[in-house]
C-alpha cells in the first residue's frame, strides 16, 4: 500500500501503473513540477485589472483519475484547491487528450517566498506531491506600445513594439480580428526582444484588430516552472484604412 505524498523520484522508482511513457519520465527527471499524475506550476501574475494574484495550473492526461488538487504555500498553509470543473482541453506530446486545470488565488500581505506544493489525490486514494519554487515580486506591466491604442493606420503595420521591462526575458503577443467576433488569428512564439515582426499578409486593409502582450521572467525552469513572474498588458486596438 502506497503512503501519501510520494516525491517524484519515489513515484518513478515504484513504477506506478499510470500511462506515462518511460521517455516522458526520463525527460522530466529531477524536475519537481512533474509527478506521474501530471504537471503543477504556480505563477505570480500582474494584470492591469486586478491586484497581484497566483495562477495555479495542473495539467494531466490522467484527468479521469484526479479526485483533488490542493495547493500549499511555503509555510505549508493551505492556499486553496483547484476547481476541477474549470479547465482547458489540449493534446500532450503523445497525442492524448489533456486537461489543464486553472485556478486563481490571492497573494496576501506577507505571502512567503519558497517551495509551494500541490497534493494531487487520485480516486483510489494515492497522493502525489509536486513542488514549485515561488519568488513573490511584481513584474511591471507592458507599456509604450506602437502603434498606440486606438490608432488609425493608413496601411497594415509591419511590426508591433513596446518598451522593455526590467526582469522580463520573454514576451508573447496575441492578435485578434475585431471583425470576426474577436477570433484569435495569431499567437507569437516566445520573443526575446520587445517587438514582433508580423507575418506577411496577416493583417489586411480595412481591418480592425486587437492585440495584447504577455511578459514572463523565465521559460521552462526546473525550479521556477514555466515561469515565476508574469505581466499582462491591456487590450489594445487599431484599425487599417481600406
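Results, tabulated for the structure shown:
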{"quantity": "Residues being within 26 Å of residue 138 (Cβ to Cβ) and surrounded by fewer than 13 Cβ atoms within 10 Å (Cβ to Cβ) - total across segment 165-189", "calculated": "3"}
{"quantity": "Any hit, segment 217-231, residues being out of contact with any helix residue (DSSP H, G or I) (no Cβ under 6 Å at 6 or more places or on another chain) and more than 28 Å from residue 39 (Cα to Cα)", "calculated": "no"}
{"quantity": "Selection count where residues are surrounded by 15 or more Cβ atoms within 10 Å (Cβ to Cβ) and either closer than 29 Å to residue 166 by Cβ or not assigned by TED's automatic domain parsing to the domain that holds residue 71 (or both), scope segment 116-139", "calculated": "7"}
{"quantity": "Which numbered condition residue 184 misses (of (1) under 25 Å from residue 28 (Cα atoms); (2) in a strand (DSSP E or B); (3) without any contact (Cβ under 8 Å) to a residue 60 or more places away in the chain)", "calculated": "(1)"}
{"quantity": "From the options 49, 41, residue that is under 22 Å from residue 107 (Cα atoms) and modelled with pLDDT under 95", "calculated": "49"}
{"quantity": "Residue ID - nearest to the chain's Cα centre (by Cα), chosen from residues in segment 75-91 that are closer than 23 Å to residue 223 by Cβ and surrounded by fewer than 17 Cβ atoms within 10 Å (Cβ to Cβ)", "calculated": "80"}
{"quantity": "Within segment 18-38, tally of residues that are at pLDDT 90 or above, surrounded by 21 or more Cβ atoms within 10 Å (Cβ to Cβ) and over 23 Å from residue 106 (Cβ atoms)", "calculated": "5"}
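This table checks each residue for (1) in contact with a strand residue (DSSP E or B) (Cβ under 8 Å, 6 or more places away or on another chain); (2) in contact (Cβ under 8 Å) with a residue 60 or more places away in the chain.
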| site | (1), (2) |
| --- | --- |
| 162 | yes, yes |
| 172 | yes, no |
| 195 | yes, no |
| 201 | no, no |
| 208 | yes, no |
| 218 | yes, no |
| 228 | yes, yes |
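The values are calculated or read from the model by the stated rules, or taken from the named source; none is laboratory data. Just so it is clear, the model here is predicted, and its values are computed rather than measured. Virtual Cβ from ideal backbone geometry, glycine too; neighbours counted across all protein chains shown.
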